[in-house]
Amino acid sequence: MNIGGYGQRPMQVPQSPSSLAAPQQFQTSPPAAMGHPPISPPGQQLPSLGSPPPMTTIGSVTAPPMGMPGPPGPGVHQPPLGPQGYPQQPGSPMSGPYGAQMAGPQSGAFPGGFPGGPAQMAGPPQKKLDPDSIPSTTQVIEDDQAKRGGQVYVTNIRGQVPPLVTTDFTVQDQGNASPRFMRCTTYSFPSTADLAKQCKVPLAAIIKPFATVPKNETPLYIVNHGETGPIRCNRCKAYMCPYMQFIDGGRRYQCGFCSCVNEVPVQYFQHLDHMGRRMDLYERPELSLGSYEFIATLDYCKNNKPPNPPAYIFMIDVSYNNIKSGLVKLICEELKTLLDRLPKEEGTETSAIKVGFVTYNKILHFYNVKSALAQPQMMVVSDVAEMFVPLLDGFLVNFQESRAVINNLLEQIPDMFADTNESETVFSPVIQAGVEALKAAECSGKLFIFQSSIPTAEAPGKLKNRDDLKLVGTEKEKTLFQPQRGVYEQLTKDCVAQGCCVDLFLFPNQFVDIATMGDVPSHTSGSIYKYSNFQVEVNGQQFLSDLRRDVEKSIGFDAIMRVRTGTGFRATDFFGAIYMNNTTDVEMAAVDCDKAVTVEFKHDDTLSEESGAVMQCALLYTTIGGQRRLRIHNLSLNCSSQLSELYKSCETDALINFFAKSVLVLVILLLQLRHLISLILPDAMKVFPVYMNSLLKTPTLVGSTELSTDDRAFHRLLVNAMGVEETQVLLYPRLIPLHTMDVSSEAIPAPVRCSEERLSESGIFLLENGLCVFLWLGQACPPDLIQNLFNVPSLGHLSSEGPTSLPVLDNAHSRKIHSIISSISQRRATSMKLLIVKQKDRSEMLFRQHLVEDKGLHGGASYMDFLCYVHHEKSVQCLLN
């Protein structure tokens, strides 16, 4: 298949990603010459470096460029200096056409100091702008889907801007990593450090090394070089990739990263063709693809020994709250069937992962479930100050071999603790027990911890309730979100060293100090789930869906990631659910298909516009089958001395992911971003302001006593591990009208702008942001539609607080809406609880806080007011006159 006119021979899809040690059947179309300017497909002209970006229309007037950037302003990493909020237009009420008056924005300060509030920044009354004439996120998404949706995106062009994360497309790897693995804030780096400071665009890549590859795309090839291992540059240690240039008849190659000339090993030698390319170029993934894997040699293993398969340890809090709520019984019942679906290597019949079980309250109970036993055996450790594992043989077992004993245990656990009155729990000793068990078994693994309360029992890691809402809005507010380290800091180091990932399922009824309890999971690449005031009938299915996905998803263990770059720039900062013991190695106890690492780059020297900028992500990890591998992702970008070219190559969704993560660490201020937002708005960035405004209204950044400390800390930890797709929908939720949908169509209705103005009293709307999904019912919703969805005659027959579930009924409308919800849920990293809200009911406030184009319920400007503010006095007057 000839894609874009590039390459003369057809792409042959390989049969399987099996080892390539034997003669390989791998074929692809030739990739572009990575060290040279990109080749344009016929009919496609590369943009001129000097062409100005399109201007953005605001209101009925086209905004002139605000002038090219002036002298460099404060960098994006300066300490906070300015206000948190934004102005409202005086006389503009906080109430909309639906529901009661909205809470006004709050004055206050976020950690680091956000003095003042929105009211202090209010300007003179402004002429009303037409909301339809300001840049629309939904229109940008719709246009990209229409232009690039359903197409094959070929990665053979350097610096190519990929389709949006919201667009459905297929990737064909021809020399650069798929955007599913790597996205950048801009695909044209500024050629000098001075230009980078002037443009104010952060240079960053968002890397999701284990991203899920769709079934219609080729999985990663596995390359086996035998005992010699992967070919690497002698100087910079970069791995063999398409950017290496072979010279001297194929006997040497020049590194595409550091330009060092290396000898080609005898066993790797191949002649060159008349164009200077190796004859086996299209038979070797590492020479022609952007992403692939190497089988690692013993040199890459701890103590030069092959690793053992990992283990999953299920650690269940059996204190009073969890027994009373029915949670313990629910977990035990689910595990009986879930353990049959443990992840396994492709081509194997059963999983190599071993399993173990611990229950705990103030003390820990370990279980011997060896297959030879007729009944499981409990061993108790009451001295939690000096934690140890009381048994080795029989604790971590193969589920298939010990199925009968394990099922027996899962039947007994709820009954064993049915009469408990113990309400105190420990936490740190639980993690320590898991680490010790993995150490004893000489393997990596994951702990699944199910905890309901703050650990108050006398033990290492005991926590006090330090929640104090009086600190909100003061300089000391930041202390609420700083973890109580102590024993937990050492515990994190122990976990990472052992390759022990911690997944925490929380079921709190009150404050549990998520900032501290989530610290170990967030530094071991674990996941955190929270189900407040848990009830089996209300939250049970959401929890089970999360647990199933968490157990079954693709994952690697004991990982180390290094990002190498070409000369002239380097990786300087890393954000994510990671641990760093030095400035270059990103350590992850585990890495799964949902976790992303955001990497920021800085200049060392001038970049060449001819050769561009190249980067390589190398991830060393252990597979679920116990094999050590290297996963490689390569990406090449353009370099330019023209600001217009840089802005035109920006990706808004990647930019906002960077700001969402870096703001959590450094609390970047509006004043530092205003320069970037108000300069010029090319098509690539015209909706950047709406995302930026939404970010500044998130729970993490809004100082309001109406938001719990735990909720804000939880949100912060979630965002820190998110990829581009997750932050995009979080900061601009999808608002989908359902009352006008075609029930015979398989397509999901087109979303509308995320604003209260788009709602209609006679309508039904679905809103989803990747974490939760709302079904909003208008007051005048047609009775026949209510009948079809809820099997009641009218809206008035539904409970005043709204129904708690959406029944599955045998009619076209019901089937269509359930299909839409199911389709959306399959794309999200966590299970989204469905909340049904009626217009003007109290529960509607939860829904309305996600209408991000409107004024924030807890503070923050509307999209319109934000635009007025960032363009400021003269700019606004220019637009409105």
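Structure values in brief
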read-out	value
So N811, is it on the phi > 0 side of the Ramachandran plot, of a type outside the set (G, A, S) and over 33 Å from the mean Cα position of the chain (by Cα)	no
Residue under evaluation L392, criteria (1) open to solvent by less than 20 Å² (accessible area, probe 1.4 Å); (2) in a loop (DSSP other than H, G, I, E, B), criterion not met	(1)
Meets criteria (modelled with pLDDT under 90 and open to solvent by 50 Å² or more (accessible area, probe 1.4 Å)) for Q877	yes
Where R183 falls short, out of the listed (1) part of a loop (DSSP other than H, G, I, E, B); (2) modelled with pLDDT of 95 or more	(1)
Some residue of the stretch 321-342 being assigned to a loop (DSSP other than H, G, I, E, B), more than 27 Å from M517 (Cα to Cα) and open to solvent by 10 Å² or more (accessible area, probe 1.4 Å)	no
All positions within the stretch 303-320 that are free of Cβ contacts under 8 Å to residues at least 24 places away in the same chain and in a helix (DSSP H, G or I)	N303, N304
Selected residue (only one of L330, L335, L339 is assigned by the TED database to the domain that holds L506, hydrophobic (A, V, I, L, M, F, W, C), under 31 Å from the mean Cα position of the chain (by Cα) and over 22 Å from I431 (Cβ atoms))	L330
Number of the condition not met by G770 [criteria: (1) touching a residue at least 60 places away in the same chain (Cβ under 8 Å); (2) surrounded by fewer than 14 Cβ atoms within 10 Å (Cβ to Cβ)]	(2)
Filtered residues of the stretch 210-234 (kept if among the polar types (S, T, N, Q) and either open to solvent by less than 10 Å² (accessible area, probe 1.4 Å) or over 24 Å from S554 (Cα atoms) (or both))	T228, N234
Among residues of the stretch 350-389, those that are open to solvent by 10 Å² or more (accessible area, probe 1.4 Å), over 34 Å from the mean Cα position of the chain (by Cα) and of a type in the set (V, I, T), counted	4
Hits in the stretch 235-289 (condition: farther than 23 Å from L619 by Cα, of a type in the set (G, A, S) and surrounded by 14 or more Cβ atoms within 10 Å (Cβ to Cβ))	G250
Residue satisfying all of: in the stretch 714-761; among the charged types (D, E, K, R) and open to solvent by less than 40 Å² (accessible area, probe 1.4 Å); nearest to I821 (Cα to Cα) among these	E726
Filter result (open to solvent by less than 10 Å² (accessible area, probe 1.4 Å), in contact with a helix residue (DSSP H, G or I) (Cβ under 6 Å, 6 or more places away or on another chain) and polar (S, T, N, Q)) within the stretch 511-564	T524
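Here is a yes/no grid of residues against (1) surrounded by fewer than 22 Cβ atoms within 10 Å (Cβ to Cβ); (2) touching a residue at least 24 places away in the same chain (Cβ under 8 Å); (3) not in a loop (DSSP other than H, G, I, E, B):
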residue	(1), (2), (3)
I413	no, yes, yes
E422	yes, yes, no
V435	no, yes, yes
D467	yes, yes, no
K476	yes, no, yes
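The values are calculated or read from the model by the stated rules, or taken from the named source; none is laboratory data. None of these values were measured; they are calculated from a predicted model. Glycine gets a Cβ as well: all are built from the backbone with ideal geometry, and neighbour counts include every protein chain shown. We work out accessible area using only protein heavy atoms, side chains counted, and drop any ligands, DNA or RNA first. Shrake-Rupley method; radii C 1.70, N 1.55, O 1.52, S 1.80 Å.
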